[in-house]
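> Pasting a structure below so you can have a look.
Quick note: the coordinates plus some simple rules give every number you see, no bench work behind them. Being a predicted model, the structure only gives us computed values, none of them experimental. We place every Cβ from the backbone using ideal geometry, glycine too, and count neighbours over all the protein chains shown.
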Amino acid sequence: MTNLRRPLVLLLLLAAIIAPAAVACSGIASPEGWASPTEGDGIVLAAHRDELFALEAGTLDARWVFPPDDNKDIDDVIALYGTPATLDGTVFIPAYEGTLYAVDAATGEVKWSFPTDGQLVGGVAAGQNAVYFGSGDNNVYALDAAQGDPLWVKPFTAAKPVWAAPVLAGDSLYVTSLDGNLYVLDAATGAERWRYKTGAGIGSPAVVDEAAGLVYVGGFDSRLRAIDLATHEQRWAERADNWFWTRPLVSGGVVYAGSLDGNVYAVSIANGASAWPGPFSAGGARDRGRDADRRRPRRPGVRARSGDRGAACRRAVGAGRRCASRPVGRAERYDGKGRSAARDVERRPRVHRSGRA
């Protein structure tokens, strides 16, 4: 890891704590969406409630908006929680009401759609000409990326909803579920290879560390676990004061994970010991998303934490890295030297069947 990137090792974790905290307090009675920005196929994808904005990666010029105003077939999209994925010129969008949409990355035109019987809260895994996702109907689906046809004889069914994106690693698919299990499936057939049962539900994706022979998973029992890929047994666990509901980050022999207790934890991969004297407090992360948003830094850059010493720092995002401050209204691009370029992003009003604009 370069010196420029090292101080930013927890940028995404600090931001990621906020969104799940809002749901932990209020549920999804009034869904608004929390999909993280992502980049692929030359575009930056940023969601706001029930809309997804595609921006040119270099200029941040708007390319298209999903759903389009003139498409009556998809105007019932009420929120976007799962982060989209891109593959071979296609954007895969999991809509909260239960449908996965495949959209042309260049034009925003819908290529195909696949409905499920549950809500889509997690993101999408795309690779090897396939797309994988979980649903609130307890199922995990594998579809042909080009046509949207099912690849498995039947979906894999967990005991409870799947609220996190599956993770594709080699020929295995790693699935977490609110039933408390980590499932490892054959990506080609959907057959279960093995599972590990934790003490409570899991709402975040697993992270596979093939170099260490481990898979990391955080759960609603406030524990971050390292599971041995060979023995399928727990190697170590870190305990927080609230749920782990963010995807861990692996860097430099350390696992970083955010918890709903408002802290970021750094754990040694080798032995599970804390890599810092204590966890780093993310401040207002336990507050509702809108309240925390009002306290965002006013100056360009991000507030991050050093991966070496845990010291707080403030740096612009590394060269070539881009982020969006408010996906609707104004987008900013950082060059890693403290400079930024901004562009207003226009939001076009749409009228839903409910009459809400």
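> Quick one, can you get me the convex hull of the C-alpha atoms of the stretch 40-96 expressed as volume per residue in Å³?
Cα-based convex hull of the stretch 40-96, divided per residue, equals 79 Å³.
> Additional query: Could you give P(r) for the stretch 113-156, binned at 5 Å from zero, as whole percent values over all Cα-Cα pairs?
So the P(r) values, bin by bin, are 6, 24, 34, 27, 9, 0.
> Using the beta-carbon distance between residue 273 and residue 71 and R0 = 56 Å, what value does 1/(1 + (r/R0)^6) give for FRET efficiency, to the nearest 0.05?
Efficiency, from the Cβ-Cβ distance: 0.60.
> For a Förster distance of 25 Å, can you work out the FRET efficiency between the beta-carbons of residue 104 and residue 171, rounded to the nearest 0.05?
0.30
> Viscosity 1.002 mPa s, temperature 20 °C: what is the translational diffusion coefficient of the stretch 139-262 from Stokes-Einstein with a Kirkwood Rh over Cα pairs, rounded to a whole number of µm²/s?
Here the translational diffusion coefficient equals 145 µm²/s.
> With a ≥ b ≥ c taken as the square roots of the eigenvalues of the C-alpha gyration tensor of the stretch 69-141, please select rounded if a/c is under 1.5 and otherwise prolate if a/b is larger than b/c or oblate if it is not?
In terms of gyration-tensor shape, oblate.
> So what is the orientation-averaged projected area of the stretch 54-184, using the convex hull of its C-alpha atoms, in nm²?
Mean projected area for the stretch 54-184: 8.2 nm², to one decimal.
> Sum up the charges of everything whose Cβ sits under 10 Å from the Cβ of residue 95, counting Lys and Arg as +1 and Asp and Glu as -1, but leave residue 95 out.
-3
> Next question, about the same structure. Report the gain in length on full extension from residue 61 to residue 146: 0.36 nm times residue separation, minus Cα-Cα distance, nm rounded to one decimal.
Gain on stretching residue 61 to residue 146: 27.9 nm.
> Something else now. If each Cα of the stretch 115-184 is one equal point scatterer, what is log10 of I(q)/I(0) from the Debye formula at q = 0.13, 0.17, 0.24, 0.29 Å⁻¹?
Each listed q corresponds, in turn, to -0.30, -0.53, -1.07, -1.48.
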